[in-house]
1. Pick from A134, A173, A200: which is among the aliphatic types (A, V, I, L, M) and either on the phi > 0 side of the Ramachandran plot or surrounded by fewer than 19 Cβ atoms within 10 Å (Cβ to Cβ) (or both)?
2. Any idea which of K52, K69, K39 is part of a loop (DSSP other than H, G, I, E, B), charged (D, E, K, R) and either modelled with pLDDT under 80 or closer than 28 Å to I212 by Cα (or both)?
3. Which one of these does S170 not meet: (1) over 24 Å from K69 (Cα atoms); (2) at pLDDT 90 or above?
4. Considering (1) at pLDDT below 90; (2) under 22 Å from N66 (Cα atoms); (3) in a loop (DSSP other than H, G, I, E, B), say which one Y186 fails and leave the rest.
5. Say whether the condition of being part of a loop (DSSP other than H, G, I, E, B) and either modelled with pLDDT under 85 or under 27 Å from V165 (Cβ atoms) (or both) is met by at least one residue in region 11-30.
6. Among the residues of region 210-231, count how many are within 17 Å of V194 (Cβ to Cβ) and within 23 Å of the chain's Cα centre (by Cα).
7. State yes or no: is Y215 closer than 16 Å to I175 by Cβ and part of a helix (DSSP H, G or I)?
8. Can you tell me which residue within region 103-138, out of those that are part of a helix (DSSP H, G or I) and among the aliphatic types (A, V, I, L, M), is modelled with the highest pLDDT?
Amino acid sequence: MTREDKKGIAIIVSLVLLGLSIFYLSYQLKAKKYNVDKKSLCSKDKVVQLKKIVLIDKSDKWSSHNIEKMHSWLSEIHEGVAMNSRLNILSIYGDDENKTKVKTLFDKCSPGNYTDCNALYENCRDIKNNYNHAFQEPLVEITEMLAKPDESKTSPLFETVTEIVDNIQSQEAEIHIISDFMENAYKFNFYKEVVSADEAIKEYALPHSSKIRVYMHIIERRKHPRELLDKVKSVWKAYFEKQGITVVSAKRFFITD
């Protein structure tokens, strides 16, 4: 085989490989149909990457200033949810019969930002608009809820957290709890006695999971002494950490009466 023949073969092989590369790239970049559930906007083809849960433990009427803070904070949380991650906003509230209930205010997957949409999915822009529009109604509902006094006499936070963790179905989870963390329910009443983390775990055990991260956004009440506030915070942190769940932060959200 002459030198010219070898060069010719090399050129042909290079052109074939280049053609295959171009075909592969064009296939990967081609817009694909984003196959989603119409209600949740979650992909039917992929497991949810991250479930971001916000639990609002609302026991008393909030001031307009604190409601505005919550409004702004929730908007940032909503906007920052990554593609194929799910935002779930829940509230503990009291009904007209003085019973405590947990209500789902928002529960949808985010299609990501517009760059994600344009690059990957042909109908993602419409889904993004649906995701944004769907958030406006619960945001108004949350604002109205916080402006009203609560009629419930109990706040079963341990029980609610246990149910939330048991129902997580995602690769990772991030739980944001906005509360004074003063458990007041059937097993424990922190207004009478703050139990240890071990006692709480005995009654409300969580599955050990390093994939779950918790953010404690603490509502501090002026009527409670600092010793009590610190003790409650310490118990809740230990409750999570002893069960393999990372507490990323435990910071004051606001101070109120």
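The values are calculated or read from the model by the stated rules, or taken from the named source; none is laboratory data. Predicted model only: the values in this text are computed from it and were never measured. Cβ coordinates were reconstructed from backbone atoms using ideal geometry, including for glycine residues, and neighbour counts include every protein chain displayed.
1. On the way: A173 fails: either on the phi > 0 side of the Ramachandran plot or surrounded by fewer than 19 Cβ atoms within 10 Å (Cβ to Cβ) (or both); A200 fails: either on the phi > 0 side of the Ramachandran plot or surrounded by fewer than 19 Cβ atoms within 10 Å (Cβ to Cβ) (or both).
Just one listed residue meets the conditions, A134.
2. Values: K52 fails: part of a loop (DSSP other than H, G, I, E, B); K69 fails: part of a loop (DSSP other than H, G, I, E, B).
When all the criteria are applied, what remains is K39.
3. Tallying (1) over 24 Å from K69 (Cα atoms); (2) at pLDDT 90 or above, S170 fails exactly one: (2).
4. It is condition (2) that Y186 fails.
5. Initially, region 11-30 is screened for residues part of a loop (DSSP other than H, G, I, E, B), giving 30.
Then drop every residue that is not either modelled with pLDDT under 85 or under 27 Å from V165 (Cβ atoms) (or both), which leaves 30.
For region 11-30, residues part of a loop (DSSP other than H, G, I, E, B) and either modelled with pLDDT under 85 or under 27 Å from V165 (Cβ atoms) (or both): present.
6. Taking region 210-231 and keeping what is within 17 Å of V194 (Cβ to Cβ), we get 216, 218-221, 223-231.
Subset that is within 23 Å of the chain's Cα centre (by Cα): 216, 218-220.
Residues in region 210-231 being within 17 Å of V194 (Cβ to Cβ) and within 23 Å of the chain's Cα centre (by Cα): 4 in total.
7. Values: closer than 16 Å to I175 by Cβ: yes; part of a helix (DSSP H, G or I): no.
So Y215 fails the test.
8. Start the filter on region 103-138 by keeping residues that are part of a helix (DSSP H, G or I), which leaves 114-120, 124-138.
Of the ones still in play, those that are also among the aliphatic types (A, V, I, L, M) are 119-120, 127, 134.
Working: A119: 51, L120: 50, I127: 72, A134: 79.
It comes out as A134.
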